[in-house]
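The values are calculated or read from the model by the stated rules, or taken from the named source; none is laboratory data. Because the structure is predicted, anything quoted here is derived from the model rather than measured. Methodologically, a virtual Cβ is constructed for each residue, glycine included, from the backbone with ideal geometry; neighbour enumeration extends over all protein chains shown. The protein model used for the area step is the full one, side chains on, heavy atoms only, and it has no ligands, DNA or RNA in it. Shrake-Rupley method; radii C 1.70, N 1.55, O 1.52, S 1.80 Å.
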Amino acid sequence: MNVLLWVIQVALALLYLAGGSYKVFKFDALANHMRALPRGGWRALGALEVIGAVLLYVPAVTPLAAAALALETLALAGLYARYSLKLAATNPMVWAAVMGLLVAFVAYGRYALRPLA
């Protein structure tokens, strides 16, 4: 189980790092595409994702970082759902929901498998 969690963590960290960097550095294209949040909101979400991606590699704070990313991503999926409920691979709602559920699984798994001191 520990190996599975690490594989999912590394994949999610890379995805969150890429998505967060896009939101921070290419927010003009994103803000014009989806006007649900102002540019500062997209930048803040991007910064949260980049910081969360880095913290997924730190074992002491992985459950907290994963839980924060799960809440952020599932809220973002809800925001995307307000604009489109079409279930297609190109819909960001689908990707956000899947990533949110995976990172919630990591948060639960890391919390449940933590050593009791």
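The table for this structure:
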{"quantity": "Solvent-accessible area, 1.4 Å probe, carbon plus sulfur percent, for the chain", "calculated": "74"}
{"quantity": "For region 54-117: Kirkwood Rh in Å [reciprocal of mean 1/r, alpha carbons]", "calculated": "12.4"}
{"quantity": "Between helix 39-55 and the chain: long-axis angle, C-alpha atoms, 0 to 90°, nearest 10", "calculated": "20"}
{"quantity": "Dipole of region 27-117, positive end: most advanced residue of S84, I51, W95 [Cβ charges, Cα centre]", "calculated": "S84"}
{"quantity": "Efficiency of FRET from Cβ geometry, V10 and R82, R₀ 41 Å, rounded to 0.05", "calculated": "0.85"}
{"quantity": "C-alpha long axis of helix 62-81 to longest principal axis of the chain, angle in °", "calculated": "30"}
{"quantity": "Helix 2-25 axis, angle to the chain major axis (alpha carbon atoms, nearest 10°)", "calculated": "30"}
